Amino acid sequence: MADVRWHHGQAHFSAGTGGHDGSPRRLREPLELARLLLADFDPSVAAIAAQPFYLTACVNGRERNHVPDFLLLGGDGVVTVVNVKPSARLADPKVAEALDGRAVFAERGWRHEI
């Protein structure tokens, strides 16, 4: 991953790295890029992982699979799982259900952001 320094001691991360298979990943949505840039310049964020894991969970009695957009590690050790979706897409019950990983993440002490 590229390491470009903006201020002394503050690392910033390239938006084009970190796919599941190790290959470069292109951001699909302008909102993903915007959220990545916010995290990149947030001094409380120590590390960023794009598409960090494949989640399989039982939601409302059905097995659901989902890959979050980002995982942010805070300098304080707090993990935040980030899913980026336009607000209009959240009105779709299937999308909302797929993104609802609150219980899974809360069990691990992680934050979840949509």
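The values are calculated or read from the model by the stated rules, or taken from the named source; none is laboratory data. The model shown is predicted, which means the values in this text are computed figures rather than measured ones. Using ideal geometry, Cβ is built from the backbone for each residue, glycine included, and neighbour counts are taken over all protein chains shown.
Data overview
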item: In the stretch 66-91, the residues that are exposed (fewer than 13 other Cβ atoms within 10 Å of the Cβ) and modelled with pLDDT of 85 or more; result: Val67, Gly75, Asp76, Gly77
item: Selected residue (only one of Ala49, Ala103 is out of contact with any helix residue (DSSP H, G or I) (no Cβ under 7 Å at 6 or more places or on another chain), surrounded by 15 or more Cβ atoms within 10 Å (Cβ to Cβ) and among the aliphatic types (A, V, I, L, M)); result: Ala49
